[in-house]
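A short write-up of the structure that comes next.
The values are calculated or read from the model by the stated rules, or taken from the named source; none is laboratory data. Note that this is a predicted model, so its numbers are computed, not measured. Here the Cβ positions follow ideal geometry from the backbone for every residue, glycine too, while neighbour counts run over all protein chains shown.
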Amino acid sequence: MTRRIRAAVAALALTVVVGVALGAITAARACQWRTLNTEKAIDAIGLAPGMIIGEAGAGDGYFTFPMIRRIGSTGAIYANDIDERSLTRLRSRSEREGHTNIHTVVGRTDDPRFPRKDLEMVVVVHALHDFDKPVEWMVNLKKYLRPGATLVVIDIDPERNHDRHFWPRARILDYASQAGYELVKIVDDPVEHMFVILKPRPS
């Protein structure tokens, strides 16, 4: 076997391995979403028509579009991510569907960089456990919130799902406390998700 053929075979094998890995990740993410009833989640966190919402780790917009249907034309969503390619896909779908009140925002690992300071709620779905700097991020988030605003973390509960990739509620609450937030309430869905609702502690 010549060197060129060996290189081609190695490249093909690597492509197959990467494809399988990406397929497994996609399947896992799809499974996470299948167990989340988005409409009931939106009810549980108190989303209402006309609200101004920030969404962190929005990705392709799986939760963005159910939220915009609830918020309606009088509200707005600022969909944030550090992955510009995901935001490009989200923006393209938004344009196809005619949503003029979904705005994409490229953030940093320690700062969501929302363009306004009167957000009524910031929602993080299936994402906080992947944040590199959760405490710093939550500290910086405060400057974009209006008084009384909430931070909502929606994630798999590893105590019920037994998937240790996700953070237990105690860890989320510890990071939140370090960043100056207090717990409003935790709502457990019937399957495996938890909705952790936080707000900044009074100065």
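Go through the stretch 149-203 and give me each residue that's closer than 23 Å to K117 by Cβ and of a type in the set (D, E).
Selection gives E182 alone.
For every residue, the table says whether it meets (1) of a type outside the set (G, A, S); (2) farther than 16 Å from I45 by Cβ; (3) free of Cβ contacts under 8 Å to residues at least 24 places away in the same chain.
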residue	(1), (2), (3)
I77	yes, no, no
D83	yes, yes, no
L87	yes, yes, no
N101	yes, yes, no
V106	yes, yes, no
L128	yes, no, no
I154	yes, no, no
E159	yes, yes, yes
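Just wondering, is there one or more residues in the stretch 157-178 that are aromatic (F, W, Y), more than 17 Å from the chain's Cα centre (by Cα), under 14 Å from M138 (Cβ atoms) and in the same structural domain as E120 (by TED's automatic domain parsing)?
No, that holds for no residue.
Given the criterion within 23 Å of G46 (Cα to Cα), in the same structural domain as M67 (by TED's automatic domain parsing) and not basic (K, R), identify the matching residue among V184, V135.
Of V184, V135, the one residue that is within 23 Å of G46 (Cα to Cα), in the same structural domain as M67 (by TED's automatic domain parsing) and not basic (K, R) is V184.
Quick check on the stretch 118-131. Is at least one of its residues in a strand (DSSP E or B), over 19 Å from T150 (Cβ atoms) and in contact with a helix residue (DSSP H, G or I) (Cβ under 9 Å, 6 or more places away or on another chain)?
No - not one qualifying residue is present in the stretch 118-131.
Among the listed residues T88, T104, T109, which satisfies the condition of being under 29 Å from P202 (Cα atoms) and under 17 Å from the mean Cα position of the chain (by Cα)?
The unique qualifying residue is T109.
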